[in-house]
Structure formats: C-alpha cells, structure tokens
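Just below is one structure, and these are the notes that go with it.
The values are calculated or read from the model by the stated rules, or taken from the named source; none is laboratory data. Predicted model, so just to flag it, every value in this text is computed and none were measured. Glycine gets a Cβ as well: all are built from the backbone with ideal geometry, and neighbour counts include every protein chain shown. For accessibility, only protein heavy atoms count, side chains too; no ligands or nucleic acids. Shrake-Rupley method; radii C 1.70, N 1.55, O 1.52, S 1.80 Å.
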Amino acid sequence: MVQPKKKFSKQTKKINYLEKFKNTKEWKIVIAPKIFEYKIIGYIINNKYTNNSGRLKEISKRNLEVSLSELINDYSSYYKIIKLQPYTMNKMFIRTTFNGFRLSYDFIFSMVLKPTKLVEFSIKINTLKKKVVEIFVLYTITKNLHSNSITYGKRSRIRKINRESILCIKKMLENKPIDFIYKICCSDVIGNSIKRRSKRKNT
C-alpha cells in the first residue's frame, strides 16, 4: 500500500511543476525585420510576470540566427546565415533587427577542401542617415591547376582584388538607405558586379 502513494505523490509533483510553468511562462512570436515582410521565424519563452522593460532586457541579450533561404524561400541561399537581435516587443510579437551575417560552417569547410584560397576583409559604409555599417566580405580565388603561373594566393594579386572590390562596394552602397544596403548584401548583386569588374580588368 505504500508504493502507490509514492507513485501518486511523484505524479502530483510533476503536474504541479507543469502548472507552475504554464502560469509563469509565456510564448512570444519572433518576427523578421521589415525588409523580410515581418516573416515569423520562431518563438521565445520568457517570464510572464516580469515587467516589459525587464523582459526586453532579458531577451535582447539573445542572438538569433536564421538561414536566408527561410526568409526568401530560396534554397540556394541556405548557407547565408542572418544574425538577428530582439529590440522591441508587445503582447504577441518580438521584433528583431539585423545584428550580423555569416556563412554556414559546412559551406566554409567545403570551400577549404576545394582548390581555392579563402580571402576576407571588412569595409565601413556610411548610410543615408549618416550611420556607419561595417560589411564583412569573403571571396575565393580559384587555383588554375592547368597553368604554371603563381597568381594563386599571391599577396599583390589579393591586394589588387581587394581594392577593386572596395571601390565596387562603395560605389554601390555608399549613402544609401539601411534597408537597401541589407537587401543588396543578402543577394548576389555585389558578387556578380565584382566578377564583371575583374573580367574587364583582366582583358
């Protein structure tokens, strides 16, 4: 007769914990920035009885990551990871703002395995509202296995490509609205423009 009582008490405690959790916690819908039409990207759970400023301070420390393919319904952009940060909330929704960008680790690993050299640099752009945005650029230099030239990985060659890339990016993004800058950075426009520019220089 003793064992059923213990089992019953454990079940009661479990139910009490669940009820306490339901009564003290709540789910908020997380939405993407305006440029992605406020698309729902997930949920965040937080304390129900904490005041709004306290809850916002708590969730604003979290860094959220979402694949660009989920935001624009294009699987070819799966390796582009957008970093978001919560900045405001109401009774139902948590709005996010841009907090960075990176490439997925499997994509970077696949590039390292190929006969290419991964090069990266950063550039600061002034927006239309005189704010400064830092853009991180990654690209690869392909090694020509059928050529005897030693341009692959050569520092002078990389510096030249960097200069051309910076001029191209500044011309395209300098003193533009922040939404326009993010939209272009999340597309293939810059990459295609740099490719065309490099071809003209080589011919």
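General remarks:
- To the nearest 10, the accessible area of residue 122 is 60 Å² with a 1.4 Å probe.
- Two-site FRET efficiency, residue 23 against residue 87, from Cβ-Cβ distance with R₀ of 25 Å, rounded to 0.05: 0.35
- Computed from the Cβ-Cβ distance with R0 of 25 Å, the FRET efficiency linking residue 123 to residue 57 stands at 0.20.
- Ligands, DNA and RNA excluded, the heavy atoms of residue 131 present near 140 Å² of accessible surface to a 1.4 Å solvent probe.
- Residue 109 accessible area, assembled protein chains, probe 1.4 Å, Å²: 130
- Ordered by 1.4 Å accessible area with all protein chains kept, 172, 92 run largest first as 92, 172.
- Counting Lys and Arg as +1 and Asp and Glu as -1 over every other residue whose Cβ lies under 11 Å from the Cβ of residue 188, the net charge comes to +1.
- Between amide H atoms placed 1.01 Å from N, distances below 5 Å from residue 100 occur with 83, all of them 5 or more places distant or on a separate chain.
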